[in-house]
Amino acid sequence: MQANKSKGTKIEIILGKALFAKGIRYRKNNKKIYGTPDFTITRYKIAIFADGDYWHGKDWETRKKKLGTNAGFWFDKIERNTERDFKVNKKLREEGWTVLRFWESDIKKKLHEIAEFTKEIFDFKKQRFEEQKLLKKQTVKAKLNMTSQQIRKQFLDYFREKGHLIVPSA
């Protein structure tokens, strides 16, 4: 098990190169993000995991029957890994992240499709981010264009709603 890497694996390198070729810039193994995703695009809240088939339990129902030496250890380890993956997905989604998980075998067989799918998600999230940014800018601009009388009225209305007594100055 010592020779098994947790980062910098072949599938991570392959996927990283494909994402970079599509124009997607990312951070690798960002420890500030829960679960330390293999790739993160923090601005658009996208977390990407490249999961090894064996370690993360692909086709686990079939594979667990074929465990050989030290079956109890491997059964527990892979069960814990799948549970942890589920918890990580749940927490990241609760925090507003889009979580993408790809199996090792799929990355090897369908790299172009995975990179294209990720690019579509990236473009969609980027567009939404830009729209929200523009909307905030327009809202701020509208507030700046308010006259002092409109601002005073909004201020008074706010405090009336809160039940505060406002005595106008003479």
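What to note about this one:
- Potential lengthening between Gln149 and Lys10 on full extension [0.36 nm per residue; Cα-Cα distance subtracted]: 43.6 nm
- Taken one residue at a time, the phi angles of the stretch 43-57 give Karplus couplings (6.51, -1.76, 1.60, θ = phi - 60°) of 4, 9, 6, 10, 10, 10, 10, 10, 9, x, 4, 6, 5, 10, x Hz. Gly and Pro are set to x.
- Converting phi to 3J(HN,Hα) with the Karplus coefficients 6.51, -1.76 and 1.60 and the offset θ = phi - 60°, the stretch 92-97 yields 5, 5, 4, 8, x, 8 Hz in sequence order, with x at every glycine or proline.
- Residues with amide H under 5 Å from that of Asp53, placed H, sequence gap 5 or more: Glu104, Ser105
- Counting only protein heavy atoms and using a 1.4 Å probe, the accessible area of Arg152 comes to about 130 Å².
- Close amide H pairs (under 5 Å, H built 1.01 Å from N) link Leu100 with Ala47, Ile48, Phe49, residues at least 5 positions away or on another chain.
- Neighbours of Lys31, meaning other residues whose beta-carbon lies under 13 angstrom from its beta-carbon, give a summed charge of +3 when Lys and Arg score +1 and Asp and Glu score -1.
- Annotation note: GluC sites (Glu not before Pro) in the stretch 91-154 located in DSSP loop regions with a Cβ neighbour count of at most 15 within 10 Å are Glu95.
- Cα gyration tensor shape of the stretch 80-147, rounded if a/c is under 1.5, else prolate or oblate by comparing a/b with b/c: oblate
The values are calculated or read from the model by the stated rules, or taken from the named source; none is laboratory data. A quick note: this is a predicted structure, and the numbers were derived from the prediction, not measured. Glycine gets a Cβ as well: all are built from the backbone with ideal geometry, and neighbour counts include every protein chain shown. We work out accessible area using only protein heavy atoms, side chains counted, and drop any ligands, DNA or RNA first. Shrake-Rupley method; radii C 1.70, N 1.55, O 1.52, S 1.80 Å.
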